[in-house]
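In what follows, a single structure is set out as structure tokens and then discussed.
Coordinate-derived values only; no laboratory data. None of these values were measured; they are calculated from a predicted model. Virtual Cβ from ideal backbone geometry, glycine too; neighbours counted across all protein chains shown.
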Amino acid sequence: MADLQSQDYIRRSATNLTPPSVRHHELEVAKLIDVSRCIGCKACQSACMEWNNLRPEMEEFNGAYENPHDLNPGTWTLMRFAEYEDEQGNLEWLIRKDGCMHCEDPGCLKACPAPGAIVQYANGIVDFISENCIGCGYCVKGCPFNIPRISAQDHKSYKCTLCSDRVGVGLEPACVKTCPTGAIMFGSKDDMKDWAGERIAELKERGFQNAGLYDPPEVGGTHVMYVLHHADKPSLYSGLPDKPHISALVGAWKGVLKPLALAGLAFAAVSAFVHSIVSGPNETTEADEARARAEMEKAKRNGSAES
Amino acid sequence: MSYPKGTIVRNSTLTRVNHWITGLCFVLLTLSGLAMFHPVFFWLSNLFGSGQWMRALHPWLGVTLIVSFLGLFIQFWRDNLWNRDDVEWAKSLDKVLDNREEEVPPVGRFNAGQKVVFWGMALILPVLFVTGILIWEVYFGGATSIETQRVAVLIHSLGAIGAILIWITHVYAAIWVKGSMRAMLHGWVTPGWAHRHHRKWFQRLVATGSPGPTPDSTAKFREH
Amino acid sequence: MTNTWQDIKNANVVLVMGGNAAEAHPCGFKWVIEAKIENKAKLVVVDPRFTRTASVADVYAPIRPGTDIAFLSGVMRYLLENDAIQHAYVKAYTNASLIVKEGYGFEDGLFTGYNEEKRSYDKSSWDYELDEQGYAKSDDTWQHPRCVINLLKGHVARYTPELVSRICGTPQDKYLEICKIFASTAAPDKALTSLFALGWTQHSVGAQNIRAMAMVQLLLGNIGVAGGGMNALRGHSNIQGLTDVGLMSNLLPGYMTIPKDTDVSLDKYLETKQFKPLRPGQTSYWQNYRKFFVSFQKALYGDAAKAENNWAYDWLPKLDVDGYDVLRAFELMDNGQMNGYICQGFNPMQAFPDRGKIRRSLSKLKYLVVIDPLDTETANFWQDYGPQNPSKPAEIQTEVFQLPTTCFAEEDGSLVNSARWLQWHWKAADAPGQAKPDLWIMAGLYHRLKSMYAKDGGAFPDPILNLSWSYADPAEPQPAELAREMNGRALVDIKDDTGAVVLKAGQQLDGFAQLRDDGTTMSGCWIFAGSWTEKGNQMARRDASDPRDAGIAPNWAWAWPANRRILYNRASADLDGKAWNPHKPVIQWNGSKWVGFDVPDYGPTVKPQDGVGPFIMNQEGQGRLFARGLMVEGPFPEHYEPFESPAENVLHPKVKSNPAARVFPNDRKAMGTAQDFPYVGTTYRLTEHFHYWTKHALINAILQPEEFVEIGEALAKEKGIEQGGWVKVSSKRGQVICKAFVTKRIKPLMVDGKPTHVIGCPIHWGFTGVARKGYGANTLTPFVGDANTNTPEFKAFLLNIEKTNAPPAVDVAQGPRDAQGVPKSLTKVGSL
């Protein structure tokens, strides 16, 4: 959304040069979603639509409170509802606000082939710069959380911007502003972690022994974190990955394969060149022609003899 | 199409057109593919107008390529079947590379190196096609799981690198072995060329009195 | 609300029963979360469904719709049996000690004095035994068998945990766990707050549901204290304001009542209003009724209201029935006795029970005027929208006038929230198209009527011709003018006892204490006096500061009465005037006066030793465990089954349902039995929508696009219904074809040994707006109301459900059709 200037970036997709990132003095921000306070009212969803001026298609009811049924180019955040019964038969309705996690080590950015289509600011926000997006869908493959969606209209990838346009001018994201129960909070990542600690202590007092913070280290931590009552089983919350990580396949593709392939291609080209210099061309000589002529003559004669 | 007198037809007009369609597609796919593979090549996207155009064209070029290559395959597969001569030829690869081809055992229409190129492409291109379909976001983005697509994109990249390596070999060989380029551009070779590089093919043409490219051709051998 | 939204954070226990605060009041629900986090409060939810509120609760218990009184009576039994009541509070601040007349009794489901033919009670036996001075007799030792506390013990003794579970279907262990949590707040420094809404009111025993809980709160000493109270969460931004200004068919502004036709004179009318104290020295504030009433008449008729004409008493309409509530109004329309209908800001086609009857009734009108910002179903009732509204326009003669109005954001004005705060709001945008303010429309109607009466005379022109109408622009009175009028002003110089002038003629009143019954003051709504004083518009104040974080922001807007935030707050202090909970005082006696964050609901200098009760509006000065004759079906709540119920009344099979509720004969015929309709239906809102308004708003429609019902997995399995599959839901009155949401959150309840399935029916979809077309849950609901208020019984009725095929898409998607059945979108929509 907010493509400001390159000095703001600490990471930039498909770019070999390291951005200057002079803004490293900025605090890293984080959105903390306290699932234990969330009532699933979808105010965040409508605020997201309002602020970003999105109106995804009105769908049908299909046997779930999730509407729209999934994230899409016009739905950057979505409440997901899971009815979970524990071993004792106690019902819990686990409601989770889904959307971009703004990984510290963003898989989308890693996978993106278009220079500057995905950037990360010094405050940690991962943003899609639509103008540079080529619509290949590699970000979808790179994301461990299944977040980016490609628009069928303009073939560009869209997701939550963490309201980088608001945060950039000192406002909180629209969902945070609107959340009626304070289940979504925003601030420096350190503050959010401290606050999460208090919340987790309180949840443990209430009997949620496995309450904890979801800030997965496998992706370097995230700038959107959850307080979960069952942090030991994140997948209960509509399939939040237990151990999210950038797929090893993507790692290989965007890691080791790139230099290896370049080396291989260069090697082949250089070898050919060297061979050309050392051995020179393979030319058909007059002797070859003479031998060919001789064989042709001979065949002709044999042919006439036979006929 | 007429050919100079006393020459042998190496590739028919159909073959040559078919080849160059394939070749053009391959080159464009290589350029766009590399642009999407590694940032150092992203500038190549400008050749296609923009990154978006490039992303949109690449899969269609792939579809064209696979259809086109199928035509080549039908025309070439018989002559690319592996035989004892190829083993002997391969054993003398050092001499081949050293341009001492007189000392190399004779081969038919294609030598073992060409056959490796042929079968390499015949193997890799369908893989690229299938994996390419899986990651063709516009039409098949939601058709398979993301994990499948991750596998597909990795295989697609590996395959593409393999195909490009083969292609470099192919192109260099055409430059290196003089007369090859003409054979694919204009279709004909001199008898000496045929004798030097594909003696058994030459001899069979001579024996059947065929003008090429295949011995069973019905046309009469062209007089000098 | 007796307390405020903010004050919920002071609670130790939050009970959400008879409501779904997280779903319907997500913004206010922040204070529940605050209570949990900052006050370590427990959240208890009792609801037929595992709701959004239940998703953040500490304890959840299911209950069969319509059995709350059994549950709460059981709680009272538990509290009394385990002596878990706040003794000093109950003894001093409730009528527990007062002695009830001999002759009062309860037997087989009926209180004394029942008249079966009239379906009503002679309530004369439901009262106290009086002494020679006319004061109620009392026994502070609670030894007298007829003192209220002992009668209550006897009344609730039947509601054993076994019986409660048998009636409600609530598992006994969950029920007892909740009783224990209730009991924990009997400690003087602990409070439980009761948050409820239409889950309690929309029953044939709605008012008694709330009374039962109020009695629990009195026993626990939780009324008047911080974090306590009976807190009705209002379902509209201004529904509190609606009742405050008397928009009920039996009320005048400020909870005064419309005279009955038996009140033949002003004196006769006031005889039953100016309540004399029933205990010595009590405030009994309604003694001032005459001041409120005369000031109201002066506001209404100005100089034309004079002592000589009894302040124009004769110009007021007189009721010949208890009230012309909307159920009665539609019954009259259906019978052809009401022929015209001005429908302002209301959508009965969606909001009233038995939609078939509503449509039929509207079809019999001569004219219908719809004044609304939206293109409502009511305004379009005559159009053929297919199965969602199968009207035949050619057969309907009703002339419909649609007058588009501004909405709240397009005009200045005030809204009264649940916490009785009058909050001024400012116009944010111009209205679209031809929309005009309601005031402009009403003024236009008035002037035309007035000129017709002036010209043609008529049967009774005086009330119209003499109406006071002193606005700067008579054609469009401004909200500020009306607000000032409701506050009231002095009509002459007002002097205090010393003769000093307190208010000059024309000055705004400071509060209702300044009202006079001699025609020297006027006030359009006495409880609003103080909202717009000489200091200006108090409703527009926006100071959110909350001294000492007590949950009271006295300078934010203005609360009636007298900017008091917690009603009955004298009860937050003990008999000596010290706070029961020293950590959360509201007001305390400092030796010479009452001080605290809140305005005392008490004489500011009345000494604690004087024994004046905190419930100053009541004649006893006490909270009533025994309601005397103020409820139509009995002084104690009793469990009666909903009018449509799958179960017998196990307490008294002969008296199954509320014996005092009014049912019109045709509507009784339209009630189904459990044999044909075996499942319990209940209706409710979803948080994504606001009633029938937001289906006109695209974002809300995106968030919850289409009509559905919620059913449990067991019922779905039994009926072969798939997740998201089409079903036909029917009652004796109609059917809805929609999708099914199969959920774990509704489980069969074991009622009297039988599994009882509940079907949840969200209410939001209709045939106008941008969301997908729906039938409306009111197609199914029965036409019967609460015995006291006639609020319809939307929360418990009988249904059947069957799997069905998807309807042809055309039925769901298309708009109105013409007489030939051609969709109107293909032709030109006829103009009105």
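General observations
- Here the ratio of the Cα radius of gyration of the stretch A:257-306 to 2.2 N^0.38 Å is 2.23.
- Annotation for the stretch C:132-202: GluC sites (Glu not before Pro) lying in DSSP loop with at most 10 further Cβ atoms inside 10 Å of their Cβ are C:E132.
- If you bin all the Cα-Cα distances of chain C at 20 Å, starting from zero, the percentages per bin are 14, 48, 34, 4, 0.
- Taking N as its residue count, the alpha carbon Rg of chain B over 2.2 N^0.38 Å: 1.16
- Proximal lysines to A:K298, defined as alpha-carbon separation beneath 23 angstrom and excluding residues fewer than eight positions away on the same chain: B:K5, B:K200, B:K220
- Within chain A, the longest segment free of exposed loop sites, counting GluC sites (Glu not before Pro) that fall outside DSSP classes H, G, I, E and B and have at most 15 other Cβ atoms within 10 Å, spans A:88-282.
- Average other protein chain Cβ within 10 Å of Cβ, residues B:36-47: 4
- Binning the alpha carbon pair distances of chain A at 20 angstrom intervals from zero yields the distribution 28, 45, 12, 9, 7, 0, expressed in whole percent.
- Remark on the stretch C:520-668: Rg and Dmax equal 21.9, 63 Å (Cα only).
- Pairs beyond 30 Å (Cα-Cα), from C:K9/C:K739; C:K364/C:K739; C:K123/C:K260; C:K427/C:K504; C:K123/C:K298; C:K42/C:K739: C:K9/C:K739; C:K364/C:K739; C:K427/C:K504; C:K123/C:K298; C:K42/C:K739
- Order of B:I168, C:I178, C:I99 under a 10 Å beta carbon neighbour criterion, fewest first: B:I168, C:I99, C:I178
- Bridging of C:K101 to aspartates and glutamates at a Cα separation below 15 Å is possible for C:D122, C:D127, C:E129, C:D131, C:E132, C:D139, once same-chain residues fewer than 8 apart are set aside.
- Residues B:W188, C:W200, A:W93, C:W556, ranked from the fewest to the most other C-beta atoms within 10 Å, line up as C:W556, A:W93, B:W188, C:W200.
- Exposure proxy order (Cβ contacts within 10 Å, fewest to most) of C:S249, A:S46, C:S523: C:S249, A:S46, C:S523
- Straight-line reach from C:K607: taking Cα to Cα under 24 Å and skipping same-chain neighbours fewer than 8 places apart, the lysines in range are C:K91, C:K137, C:K276, C:K578, C:K584, C:K593.
- Helix B:112-134 axis, angle to chain B major axis (alpha carbon atoms, nearest 10°): 20 degrees
- Seen from all directions on average, the protein assembly as shown presents a Cα convex hull projection of 66.9 nm².
- Relative to the longest principal axis of the Cα atoms of chain A, the long axis of helix A:257-279 makes an angle of roughly 10 degrees.
- Shape of the stretch C:45-135, Cα gyration tensor, a/c cut at 1.5: oblate
- Distance histogram for the stretch C:222-293 (every C-alpha pair counted, 5 angstrom bins, percent rounded to whole numbers): 3, 13, 16, 16, 19, 17, 10, 4, 1, 0
- The overall shape of the stretch A:208-255, judged from the alpha-carbon gyration tensor, is prolate: a/c is not under 1.5, and a/b is greater than b/c.
- Inter-chain shielding of A:277-285 (mean C-beta neighbours from other protein chains, 10 Å cut-off): 6
- Shielding by partners, peptide B:144-155 (average Cβ within 10 angstrom, other chains): 5
- Shape call, the stretch C:665-813: gyration tensor on alpha carbons, a/c limit 1.5: oblate
- Among B:L97, B:L158, B:L65, the largest mean-square fluctuation in a Gaussian network model of chain B, built with springs joining Cα atoms closer than 10 Å, belongs to B:L97.
- Choice from A:F208, A:F267, A:F145 showing the highest fluctuation, given a GNM over chain A with Cα pairs closer than 10 Å: A:F267
- In the stretch B:125-224, the GluC sites (Glu not before Pro) that fall in loop regions by DSSP, at most 10 other Cβ within 10 Å: B:E223
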